[in-house]
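All of the numbers you see were taken from the coordinates with simple rules; none came from a lab. No experiment lies behind these values; they were computed from the predicted model shown. Positions of Cβ are backbone-derived with ideal geometry, glycine not excepted, and every protein chain shown enters the neighbour counts.
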């Protein structure tokens, strides 16, 4: 199973990893008895508290690809990577909690495509379900491959062994307990990741003598480069290591990509829909937002500390030579620097748990969308609840097998992160336009929703291909020839969303809207929203939304 | 039908942290006088970090144990 790796694990480390596998399988088997109906298997009985739903919401996004990828990105781009945790998440989470959640919850939808079916028609819901199913499987496979590569490099584990053992474990526990299993394991993973990774920044800051000492060491190691300012280097594309302009961050990332991901990607929204009541459903993203704001402590800060303390420089994956390490290895390198036996096992288990929880999130969302939004409306309309649950269990396993196939497919791609970001811009950005317009404007019609979504998706893929085949088009799409891959993704997402909005509005104005009664519980102005005036201040989601936004603003000011 | 007896997720979190805490703390004590191979090894982090995990795990396990009526 093993060759030579960067880290050598001892018996106690292997025991910690083995106990984790045993624990998740046992929990899956235990929860199977609670997941017998469709509501239980696909929606976790809709009985999760705000805390469980909130931690699960933020953990579903905290997979290993996320941990390793963004730690690597912070080594490469500096603190600019924290934008993906702050402006790239917090306003969107608040928007989901306060503006969108009431409509998702009151409509009693089981999924985001399900909401589109209710709001528009089967065509818009079906299109969204198919694109989501494709994206989810591709994401799951890429996540799987990325983790197997890391396990090979770091621990020397065989790539096929990592893929198959982890996938089978995830398959067994999700097929057993459905969304219950996925959520329980995401909460477990949340604690493992924090306890497994928090010592890295603590030790790093102790070694460098605090933040100022770290900044001084970075300047010494990389003279003339600014890695520690969040906004002040974003005035020009060529003034920062990301090749980014502030408009790309604010309008591309903050207004479109993050809004699309956090409010319409069913992988994360599904966790909140499992909340026990509407107040819990509104509080869950806000609880998630508090922890999301803190995640840079265990992801971005280790990358920055890597710039300060690692004796060697890291390089991009593509041009790696023998003996060199890539950006993505910065977190494992920091683990190896500080962690001895026992702690190393915990750190590696946190990475494995992140990988497995990320995959479980993908397959549980895939199972729900396939069963409820593709199989039931288009293939078998009238079947028993038991039949749909069986279908959910089977397609969990089938989804995993397809994911393993896409993992092997991903081995052929040069850059995994490019591939992932491209997927988001293809499917998530246009979907946001369709969902938010449908929620907030009664005049939008079924035809407008369908054609807007299709136009946004096709235009995004078109822009991606245009730049691939004619790199000169980068200056047009990303507004500068100096723009790098991430900047291109942000602008492509922005344009595809705007195209989706324009087509949705134009087609809607030419077609007949639904009646007021058909829109009840689905659209702003036709829905009675529950009042919170009788709740004490600290129980009101709006109060916590203001607190979250205030902390967010203070963080921007501190690291400006 | 079984919902009234489902064990809270916090109990599972507690048990896992408790087991990990004991293992890590014990391994830190065993390695106490072994040659140092990692940076800041002289702080003996596994002992106090394992101790912290043990305490947090024990509290969660006790608070959310099955049959406590939560």
Fill in the blank from the handout: Per-residue Cβ contact counts at 10 Å, fewest first, order A:543, A:203, A:42, B:11 as A:543, B:11, A:203, A:42
Exercise for the section: With an 8 Å cut-off on Cα pairs and a minimum separation of 6 or more residues, tell me the relative contact order of region A:269-382 in percent. Expected result: 14 percent
Handout entry: Per-selection Kirkwood Rh - region B:3-63 (Cα, Å, 1 d.p.)
Key = 12.5 Å
Fill in the blank from the handout: Listing B:15, B:5 by rising number of other beta-carbon atoms within 10 angstrom, fewest first, gives B:5, B:15
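Give me the Kirkwood hydrodynamic radius of region A:403-528, using the inverse of the mean 1/r over all pairs of distinct Cα atoms, in Å to one decimal.
16.0 Å
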Practice task
Set the Förster distance to 22 Å, then compute FRET efficiency between residue A:538 and residue A:276 from the Cβ-Cβ distance, nearest 0.05.
Solution key: 0.70
Completion exercise
Fewest-first ordering of A:56, A:162, A:517 by Cβ atoms within 10 Å yields A:517, A:162, A:56
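For chain A, what is the calculated [θ] at 222 nm in deg cm²/dmol (nearest 500), taking -39500 (n - 2.57) for each run of four or more DSSP H residues and dividing by its residue count?
Helix contribution divided over all residues of chain A: -21500 deg cm²/dmol.
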Completion exercise
Restricting to Cα pairs under 8 Å and 6 or more apart, the percent relative contact order of chain A works out to 29 percent
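I need the shape label for region A:319-471. Rule: rounded when a/c is under 1.5, else prolate if a/b > b/c, else oblate, with a, b, c from the alpha carbon gyration tensor. Walk me through the numbers on the way to the answer.
Details: a/c = 2.33, a/b = 1.41, b/c = 1.65.
It comes out oblate by the Cα gyration axes.
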Completion exercise
Row for region A:11-55, column shape: gyration tensor on C-alpha, a ≥ b ≥ c, rounded if a/c < 1.5 i.e. under 1.5, prolate if a/b over b/c, else oblate; value oblate
Practice task
Mind pulling the per residue volume of the convex hull built on the Cα atoms of the protein assembly as shown? Å³ is fine.
Solution key: 152 Å³
Exercise for the section: Classify region A:66-135 as rounded, prolate or oblate, taking a ≥ b ≥ c as the square roots of the eigenvalues of its Cα gyration tensor: rounded when a/c is under 1.5, otherwise prolate if a/b is larger than b/c and oblate if not. Expected result: oblate
Fill in the blank from the handout: Over region A:54-209, the quotient of the Cα radius of gyration and 2.2 N^0.38 Å is 1.25
Completion exercise
Placing one equal point scatterer on each C-alpha of region A:243-331 and summing with Debye, one gets log10 I(q)/I(0) at q = 0.12, 0.18 Å⁻¹ equal to -0.63, -0.99
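Which whole number in µm²/s is D for region A:1-126 by Stokes-Einstein, with the Kirkwood Rh taken over Cα pairs at 4 °C and 1.567 mPa s? Intermediate values should be presented prior to the final figure.
Details: Rh = 18.9 Å.
For the chosen part, D equals 69 µm²/s.
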